[in-house]
Amino acid sequence: MAKSNWFYQSIKKPILNLSHRISFLANKVYFNLFSLSIDYVENFKRLVDRPYMSKTKIRTGLLQDKFLQVNFNKNDSFNEKLSDECYLELLNGRHGDPIEPQCFEFYTTDGTSGYSLTHQLLFFMIADNIDRFGDVSVQLLDFLLQENTINKNMASYLAKQKDNDLKSQIFRYFCTRVYYDADNMFKKFTNANDFKQDLFIEQIVLCGSLGFEEFFKIEWLEIIFSFQNQNGCFNQRENNFDLDLKNVAFDRVLNAINSKRMKRYDSIMKDGCSSHQTGLALAYFSLMFEYLL
C-alpha cells in the first residue's frame, strides 16, 4: 500500500501540471476558432464540429524494418493545397465515391518525411474517422495493383503481410516511418528555437492518437514543455521568451513560422500564439494525460 501511495504521490504533480496546461490551452484554442476564416472552418466542419477521437487503437507494434526508413531530405515538395483538396474530396464524398488517382499518388509517394509524411497518414486517419476506410482502402489496393504503381514501397510492404487487418497494416506502415523521422529530429535537438516544434508535436499527436505507446516518451514530453512560452504560447520560441504584446509584430512572427514549416494556413492569436501549434499542443497534452492515467 505504501508503494502504491508513493506512486500516486509521485505522479500527482505532473498530472496536475498537465491538467492546468490542457485547461488553459483549451480555452485559448476555443476562442480562437471564432477568428478563423469562415470558409476554411466550414470546409472541415465534419471534423471540427465534434470531438475528434480515433476509432482505432493499436497500442504497440511499430515495425523493425529498415525498408521503411525515411528520406530525411524529401519534404521540400509538400503540396498542402493538393493535400487539402484531397481531404475535402474525401470529406464531401459518400461511401464508394471515387478518390482521384492523383490523391493516391500523393499519399503513397515513397521516402517522404516531415509534413508530407504526416499528411499521408492523416488522409487514412480521416477516412477511418468518417467511416470511409473500407471503400477507400479498396480503391487504394486497386491503385497499387496497377502496372505503374506496383513497385511502390507501400505495395511491396502490403504484399508481404500475412494477416488481413489492412487498417493496422497501413497505420503501422506510416507510424513506423513517422517514428524514425521524429526520433531523428529528437536526437539532433539542441534548443527549442532551432527545432521544428510544430512538426514534432504533429508527429506525436497523430500516431499517439492511434495508440502507439512508443510516442509517449518522457524525454519528448520534456522538450515540448520547453516550447511553451511564459504566457502559455506556442509559436516556435522557447519558454524563456518573455512576450511583450505591445512590441510584438504579429506579421513577422507569422512569416517566421511559415518560413520554417512551409504551411499555407495558420493564424496568429491576439497574444502571439500560433493557432496550429497551440492546437497540436493541446491535443498532445490531452493524449499524454490519458496515457498517464
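Only the coordinates and a few stated rules stand behind these numbers; no lab work does. These numbers were taken from a predicted model, which means no experiment stands behind them. Cβ coordinates were reconstructed from backbone atoms using ideal geometry, including for glycine residues, and neighbour counts include every protein chain displayed.
Summary table
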| read-out | value |
| --- | --- |
| Order by protection proxy (mean Cβ within 10 Å, highest first), peptides 169-180, 106-117, 141-152 | 169-180, 106-117, 141-152 |
| Histogram of C-alpha separations across the range 109-185, 5 Å bin width, % | 3, 14, 25, 27, 21, 9, 2, 0 |
| Pairwise FRET efficiency - residue 142 versus residue 162, Cβ, R0 = 22 Å, nearest 0.05 | 0.55 |
| Peptide ranges 96-105, 156-165, 201-210, 82-91 listed from the most packed, as the mean C-beta count within 10 angstrom indicates | 201-210, 82-91, 96-105, 156-165 |
| In Å, descending, principal axis extents of the Cα set of the range 81-122 | 30, 15, 15 |
| Distance violations [Cα-Cα > 26 Å] among 188/217; 57/162; 81/162; 57/217; 81/152; 81/196 | 81/162 |
| The range 130-210, dipole about Cα centre (Lys/Arg Cβ +1, Asp/Glu Cβ -1), debye to the nearest 20 | 280 debye |
